[in-house]
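The values are calculated or read from the model by the stated rules, or taken from the named source; none is laboratory data. Predicted, not measured: the structure shown is a model, and the values here were computed from it. A quick note on method: Cβ atoms are made from the backbone with ideal geometry, for glycine too, and the neighbour counts reach across all protein chains shown. Remember, those area values only see protein heavy atoms, side chains included, never the ligands or the DNA or RNA. Shrake-Rupley method; radii C 1.70, N 1.55, O 1.52, S 1.80 Å.
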Amino acid sequence: MADDAARPSISSLTSSAYRDALEVIASVEPRIAEATRQELTDQRGSLKLIASENYASPAVLLTMGTWFSDKYAEGTVGHRFYAGCQNVDTVEALAAEHARELFGAEYAYAQPHSGIDANLVAYWSILAHRVEGPWLEKAQLRNVNELTEADWEALRHELGNQRLLGMSLDAGGHLTHGFRPNISGKMFHQQQYGTDPETGLLDYDVVAAKAREFRPLVLVAGYSAYPRRINFAKMREIADEVGATLMVDMAHFAGLVAGKVFTGDEDPVPHAHLVTTTTHKSLRGPRGGMVLATEEYAPSVDRGCPMVLGGPLSHVMAAKAVALAEARQPAFRTYAQQVADNAQSLADGFLSRGANLVTGGTDNHLVLLDVSSFGLTGRQAESALLDAGVVTNRNSVPADPNGAWYTSGIRLGTPALTTRGFGHDEFDRVAELIVEVLGSTEPGTTKAGAPSKASYVLADGIADRVKAASAEMLDKHPLYPGLELT
Ligand code: DSN
């Protein structure tokens with residue numbers, strides 16, 4: 001981080017402000033102050049490989065800890081349901097402006113609290129925009145009392161008959177892309193596309209054939225665990241052919257879009273009607289969501305509150321503006337390219353040691369390691385790695401025989417450790433350490449002696465050895481250098 005112009009070292013003044021802040025917190029609830037200190041110690045001392053996590057800059061973190069948290073601001077810029085929102089208007093307008101400039105979007109909506117909220121806003125916007133009915137105008141909050149029982153019936157009928165096609169969870173899609181137990185799988189009739197059983201890759205011909213047959217209102221592209229890029233121009237062609245709205249969820253790879261690693265057909269913004277994202281993953285901002293849209297969809301997205309959302313988190317919108325301003329700096333492009341290069345190094349490190357990767361590699365920020373060749377479930381692998389200070393998350397692989405709870409995979413991402421300054425050699429070493437842990441782990445048994453998908457036995461001494469090897473790398477790339485809490 002120290003060599004990243006957008007992320008200066010923390011001064012002794014800032015350290016002292018953090019110490020003061022923790023003392024203030026401790027005077028009310030010391031256990032929270034202690035947990036906060038401990039979290040920094042834990043994050044500093046472990047290999048964070050969760051593909052959806054990162055380390056936000058001090059500027060982003062500090063922006064969240066202010067009195068903007070106290071302000072209600074339901075509505076939109078200049079059109080609020082509360083008085084005194086002039087400063088929130090400044091914040092929200094700046095966040096939207098940075099987002100439009102950064103991504104080349106016609107319209108940006110910075111209010112969603114999370115990626116799921118962003119997707120819900122997008123879905124309801126598509127429904128409001130596309131599904132005609134006498135109830136539509138009345139369904140706005142102001143007129144909701146005017147809806148008759150017949151209107152409600154018409155509304156339920158229209159909304160209940162809409163269709164969504166998205167990537168299945170076990171192929172790398174997200175819960176909100178039409179997974180049946182999720183609201184997206186209930187509010188829409190849904191179908192899912194997967195990946196090719198041989199290659200693990202997305203097959204656009206299969207997606208097109210499904211779309212022709214199913215004729216969805218919404219075609220969703222994007223993923224949480226697919227280690228490859230997507231051709232969004234092809235997805236738009238498919239959407240146009242069947243009259244669908246193309247919604248791309250770029251929550252995972254927004255940083256690669258912002259950093260111009262994904263350009264042309266791989267940049268969703270010029271191709272999709274709506275693009276949703278989180279702001280805290282590869283984009284390296286505060287926890288939150290955002291929607292980008294074409295002018296056509298802007299009016300319906302703008303009604304995210306009150307349609308789906310309550311009051312926006314003004315302090316988080318302020319931090320989004322700061323993070324987006326950081327992402328517009330040249331240093332962010334260097335960072336984003338390094339994220340992708342590091343994922344390549346990590347993948348090569350696994351492949352050269354005989355490990356199996358879904359799709360045989362990566363060309364984005366994550367790899368999906370199939371741990372079945374180690375004789376382990378994802379759950380066992382995740383736990384053994386955690387014992388050794390390697391923080392990952394278990395993840396289904398396509399057609400996973402162990403289901404979504406135990407799984408057969410481990411998902412690993414490079415955004416966080418790249419922020420710390422890890423490069424090719426470190427990621428190769430990370431692969432080596434992970435292979436060492438998994439190769440030294442045996443499946444365990446239940447108390448009754450039956451085979452277990454959860455318990456495991458990690459050989460003696462491995463955890464300490466791996467922690468020591470990790471510490472050498474982590475010490476060379478300190479997290480929040482200069483920040484001293486004691
Ligand atoms: N929880 C996020 C992830 O880990 O990918 C997606 O919601």
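Determine how many Å³ per residue the convex hull of the Cα atoms of region 343-486 encloses.
Taking the convex hull of the Cα positions in region 343-486, it is 127 Å³ per residue.
Return a whole-number percent for the relative contact order of region 171-219, with Cα pairs under 8 Å and 6 or more residues apart as the contact set.
Once normalised by length, the contact order is 22 percent.
Whenever you get a sec, line up Trp67, Trp124, Trp405 from highest to lowest accessible area (probe 1.4 Å, protein heavy atoms).
Per-residue accessible area, sorted high to low, gives Trp67, Trp405, Trp124.
What is the diffusion coefficient of the chain in µm²/s, taking the Kirkwood radius over Cα pairs and the Stokes-Einstein relation at 20 °C with a viscosity of 1.002 mPa s?
Once the numbers are plugged in, D ends up at 91 µm²/s.
What is the antiparallel percent of DSSP beta bridges lying wholly in the chain, to the nearest 5?
60
Tell me the accessible surface of Val301 in square angstrom (1.4 angstrom probe, heavy atoms of protein chains only), to the nearest ten.
It works out to around 0 Å².
Any chance you could run the full-extension gain for Arg31 through Asp425? It's 0.36 nm times the residue separation minus the Cα-Cα distance, nm to one decimal.
138.0 nm
If I stretch the segment between Lys260 and Leu351 completely, what's the gain in nm (0.36 nm per residue apart, minus their alpha carbon distance), one decimal?
Separation in residues times 0.36 nm, less the Cα-Cα distance, equals 30.0 nm.
Tell me which residues come under 5 Å, amide H to amide H, from Ser114 once H is placed; ignore anything under 5 positions away on its chain.
Gly289
Work out the length of the dipole vector of the chain about its Cα centre, built from +1 on the beta-carbon of each Lys and Arg and -1 on the beta-carbon of each Asp and Glu, and round it to the nearest 20 debye.
480
Restricting to Cα atoms and excluding each atom paired with itself, what does the Kirkwood estimate give for region 238-376 in Å?
Result for region 238-376, one decimal place: 17.1 Å.
Restricted to Cα positions, what overall size does region 186-231 have along the principal axes? Three whole-Å values, descending.
Principal-axis extents of region 186-231 (Cα, largest first): 29, 21, 18 Å.
Per residue, how big is the convex hull of region 238-277 when only Cα atoms are used? Give it in Å³.
Hull volume normalised by residue count: 60 Å³.
Per the helix-only calculation at 222 nm, which mean residue ellipticity applies to the chain, given -39500 (n - 2.57) for every DSSP H run of n ≥ 4 and division by its residues, nearest 500 deg cm²/dmol?
-13500 deg cm²/dmol
Hey, if you drop one equal point scatterer on each alpha-carbon of region 14-131 and run the Debye formula without solvent, what base-10 log of I(q)/I(0) do you get at q = 0.09, 0.10, 0.13, 0.18 Å⁻¹?
Rounded to two decimals, the profile gives -0.40, -0.50, -0.80, -1.20.
Can you give me the Cα centroid spacing of region 251-281 and region 424-484 in angstrom?
Between the Cα centres of region 251-281 and region 424-484 lies a distance of 32 Å.
Enter the accessible area of Tyr204 (Å², nearest 10), with the probe set to 1.4 Å and all protein chains included.
Surface open to solvent at Tyr204 totals about 40 Å².
In square angstrom, rounded to the nearest 10, how much accessible surface does Phe422 have for a 1.4 Å probe?
0
With θ taken as phi - 60° and the coefficients 6.51, -1.76 and 1.60, list the Karplus ³J(HN,Hα) couplings across region 255-266 in order, rounded to whole Hz; mark glycine and proline as x.
Coupling constants for region 255-266: x, 6, 6, 4, x, 6, 7, 9, 10, x, 5, 8 Hz.
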